[in-house]
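Asks: My questions all concern the structure below.
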Amino acid sequence: YSSDEPSKQPRTSDTAALEVLASCSIIAAVNSPEKFAAALDSPTRAIYLLTGTPLTLPDMLACARDRGKVCLVNIDFLEGLSRDRHAVEFLAAHRVDGVVSTRFETLKIAHTLGLITVQRTFAIDSAAVTAALRCLTQFLPDAMEVLPAMASPKVAQRLHNTYPSLKIMGGGLIENVKEIEGLLAAGIHSVSVSNEHLWVI
């Protein structure tokens with residue numbers, strides 16, 4: 001497998017973290033420090049951090065690891081860190097499990113360090129979905145997160161025509177359990193949810 005010429009199958013990994021993530025239908029999306037404790041106490045085994053600084057992240061990652069949680073970090077949202085190799089190496093040194101980003105260049109770096117990679121894309125129109133497909137010719141991540149979540153089944157149909165085994169996550173604008181159940185029934189692999197009341201289903 002070469003990141004310059006990705007195959008049509010996601011890269012395989014024997015890491016325990018990837019196996020745990022593959023078993024999670026709901027991922028606790030933590031968009032403020034105040035929600036982190038609730039995510040640790042939630043039934044889900046996967047946490048998705050959209051907040052953190054170089055001072056707070058090491059402790060957060062250690063706490064998640066101690067509680068048996070797989071922890072992904074959206075590097076685009078972190079304060080005090082850029083999206084270059086040094087930032088990814090910092091996260092890897094503190095044993096993050098995976099990196100989420102809209103930038104495939106950043107994900108390529110994370111891949112070389114053995115981290116789970118999730119490409120984040122906004123499905124605002126057909127042109128945006130076409131652009132996402134073009135990015136996949138540059139780098140094939142472990143999963144793609146599609147926002148808003150309700151658009152993810154339609155996007156998944158297009159993506160799976162070319163990349164049938166690519167895991168698709170849905171995120172954003174989830175309001176209730178019925179919506180989550182509908183997405184999972186439509187074939188979406190997992191849903192990232194920021195409403196902590198929905199982490200218990």
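The values are calculated or read from the model by the stated rules, or taken from the named source; none is laboratory data. All values derive from a computational prediction rather than experimental measurement. Here the Cβ is made from the backbone with ideal geometry for all residues, glycine too, and neighbour counts use every protein chain on show.
Asks: Suppose we filter Arg120, Arg103, Arg45, Arg67 for residues that are loosely packed, with under 15 Cβ neighbours inside 10 Å and among the basic types (Lys, Arg); which single one remains?
Replies: Only one candidate qualifies: Arg67.
Asks: Cβ-Cβ under 7 Å, sequence separation 6+ or interchain: first residue in the stretch 181-192 and within 17 Å of Leu159 (Cβ to Cβ) and touching a residue at least 24 places away in the same chain (Cβ under 8 Å), partner of a type in the set (S, T, N, Q) and part of a helix (DSSP H, G or I). Which pairs?
Replies: Between residues of the stretch 181-192 that are within 17 Å of Leu159 (Cβ to Cβ) and touching a residue at least 24 places away in the same chain (Cβ under 8 Å) and residues that are of a type in the set (S, T, N, Q) and part of a helix (DSSP H, G or I), the close pairs are Leu183/Ser152; Ile188/Ser152.
Asks: Testing Pro33 on (1) on the phi > 0 side of the Ramachandran plot; (2) in contact with a Ser or Thr (Cβ under 7 Å, 6 or more places away or on another chain), one condition comes back false. Which one is that?
Replies: Of the numbered conditions (1) on the phi > 0 side of the Ramachandran plot; (2) in contact with a Ser or Thr (Cβ under 7 Å, 6 or more places away or on another chain), the odd one out for Pro33 is (1).
Asks: Can I ask one more? Could you please give the count of residues in the stretch 80-89 that are within 16 Å of Thr51 (Cβ to Cβ) and at pLDDT 95 or above?
Replies: 1
For (1) in a helix (DSSP H, G or I); (2) among the polar types (S, T, N, Q); (3) at pLDDT 95 or above, each residue gets a yes or a no:
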{"residue": "Val20", "(1), (2), (3)": "yes, no, no"}
{"residue": "Ala38", "(1), (2), (3)": "yes, no, yes"}
{"residue": "Ile47", "(1), (2), (3)": "no, no, yes"}
{"residue": "Leu55", "(1), (2), (3)": "no, no, yes"}
{"residue": "Met60", "(1), (2), (3)": "yes, no, yes"}
{"residue": "Cys71", "(1), (2), (3)": "no, no, yes"}
{"residue": "Ala110", "(1), (2), (3)": "yes, no, yes"}
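Asks: Then there is this: I'd like to verify a number: residues in the stretch 176-201 that are closer than 22 Å to Ala37 by Cβ, surrounded by fewer than 15 Cβ atoms within 10 Å (Cβ to Cβ) and under 18 Å from the mean Cα position of the chain (by Cα), how many?
Replies: 1
Asks: Which of the residues that make up the stretch 73-90 are without any contact (Cβ under 8 Å) to a residue 24 or more places away in the chain, assigned to a helix (DSSP H, G or I) and loosely packed, with under 15 Cβ neighbours inside 10 Å?
Replies: His86
Asks: For the stretch 71-109, how many residues are in contact with a Leu (Cβ under 8 Å, 6 or more places away or on another chain) and either under 29 Å from Pro43 (Cα atoms) or among the acidic types (Asp, Glu) (or both)?
Replies: Total meeting the criteria: 20.
Asks: Would you confirm whether or not the stretch 149-163 contains a residue that is at pLDDT below 95, under 24 Å from Leu18 (Cβ atoms) and assigned to a loop (DSSP other than H, G, I, E, B)?
Replies: The answer is yes, given that some residue of the stretch 149-163 is at pLDDT below 95, under 24 Å from Leu18 (Cβ atoms) and assigned to a loop (DSSP other than H, G, I, E, B).
Asks: Mind checking which pairs have a first residue in the stretch 118-146 that is in a loop (DSSP other than H, G, I, E, B) and a second that is among the β-branched types (Val, Ile, Thr), Cβ under 6 Å, 6 or more apart or different chains?
Replies: Ala123/Val129; Ala123/Val146; Ala123/Val155; Pro141/Thr117; Pro141/Val118; Asp142/Ile116; Asp142/Thr117
Asks: Looking at the stretch 45-56, which of its residues are at negative phi and within 17 Å of the chain's Cα centre (by Cα)?
Replies: Matches in the stretch 45-56: Arg45, Ala46, Ile47, Tyr48, Leu49, Leu50, Thr51.
Asks: Among (1) under 24 Å from Thr51 (Cβ atoms); (2) touching a helix residue (DSSP H, G or I) at 6+ places or on another chain (Cβ under 7 Å), where does Leu166 come up short?
Replies: (1)
Asks: Going by the structure shown, is Pro148 buried (at least 17 other Cβ atoms within 10 Å of the Cβ) and in contact with a Leu (Cβ under 8 Å, 6 or more places away or on another chain)?
Replies: Against the criterion (buried (at least 17 other Cβ atoms within 10 Å of the Cβ) and in contact with a Leu (Cβ under 8 Å, 6 or more places away or on another chain)), Pro148 does not qualify.
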